[in-house]
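Data first, discussion second: the structure below is written as structure tokens.
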Amino acid sequence: MSLLTAAPRGLHPLPSLLVVAALLGLLPTAQAERADRQAPLSFSADTARVDDLKAVHTLSGNVEITKGSIVIKAAQVEVRQGKDGHQIAVASGGARRATFRQKREGLEEFIEGEAERLEYDSRADTVKLVGQAVMRRLRGSTVADEVNGSVITYDNGSEVFQVQGGATPGGGTGRVRGVLTPRETPAAGGSR
């Protein structure tokens, strides 16, 4: 395993961010669960306010949303539904952080993340984690890869992470960090 940082001292962070994105792009090319896009969005919460006229659902208290293999948990979530049926959910964690989890198609792997705020867009098939964001790829229950930053955007369709640094409230440097585990590849003819 290796620890990657966004930019060594004195260097611009963009090239290193591109390296992290490229390395993450080299992960196995399994898609997120295809059935998730067409699955209904189900929720449970302590309270719900439904505005049918505006197509807005405001959920509060121990909110859990499921959409196929997608699970979002947060203190509060606002779900907006477009006229074409797509859904946008904005989750905030409150005292606990907002979390996201989704199974990868055909594998015993999951993508999961957590942040102060989470934005899920079913049309774009993206998840944006804002504020002390962490995104992980798990093989079973073992963390295989992890990235940390101020903002992480994950495109479920292309399986590309974009990680941004930025100043942190505690006065930290806001550098992007990550750990990548080598991919398991079948040995060709018993040699490497």
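The values are calculated or read from the model by the stated rules, or taken from the named source; none is laboratory data. Remember, predicted model here, so these are calculated numbers, not experimental data. Quick reminder, even Gly has a Cβ in these numbers, built from the backbone with ideal geometry, and neighbours come from all protein chains shown. With ligands, DNA and RNA removed, areas are computed over all heavy atoms of the protein, side chains included. Shrake-Rupley method; radii C 1.70, N 1.55, O 1.52, S 1.80 Å.
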*Could you tell me which residue of segment 133-171 is surrounded by the fewest Cβ atoms within 10 Å (Cβ to Cβ), considering only residues that are modelled with pLDDT under 90 and closer than 19 Å to GLY93 by Cβ?*
GLY170
*Look through segment 172-192, keep the residues that are assigned to a loop (DSSP other than H, G, I, E, B) and either in contact with a strand residue (DSSP E or B) (Cβ under 6 Å, 6 or more places away or on another chain) or open to solvent by less than 80 Å² (accessible area, probe 1.4 Å) (or both), and return whichever of them is modelled with the lowest pLDDT.*
GLY190
*For segment 81-105, enumerate the residues that are in a strand (DSSP E or B) and open to solvent by less than 60 Å² (accessible area, probe 1.4 Å).*
GLN87, ALA89, VAL90, ALA91, SER92, ALA98, THR99, PHE100, GLN102, LYS103, ARG104
_Considering only segment 33-43, I want to know if a residue exists there that is under 28 Å from VAL176 (Cβ atoms) and out of contact with any helix residue (DSSP H, G or I) (no Cβ under 6 Å at 6 or more places or on another chain)._
yes
*Condition test on SER44, is it modelled with pLDDT of 95 or more, open to solvent by 50 Å² or more (accessible area, probe 1.4 Å) and among the polar types (S, T, N, Q)?*
yes
*Show the residue pairs that are 6+ apart or on different chains and have beta-carbon atoms under 6 Å apart, the first residue being within segment 107-119 and in contact (Cβ under 8 Å) with a residue 24 or more places away in the chain and assigned to a loop (DSSP other than H, G, I, E, B), the second being aromatic (Phe, Trp, Tyr) and open to solvent by less than 20 Å² (accessible area, probe 1.4 Å).*
none
*Looking at VAL77, VAL71, which is the one that is more than 17 Å from TYR154 (Cα to Cα), assigned to a strand (DSSP E or B), at pLDDT 90 or above and in contact with a Phe, Trp or Tyr (Cβ under 8 Å, 6 or more places away or on another chain)?*
VAL77
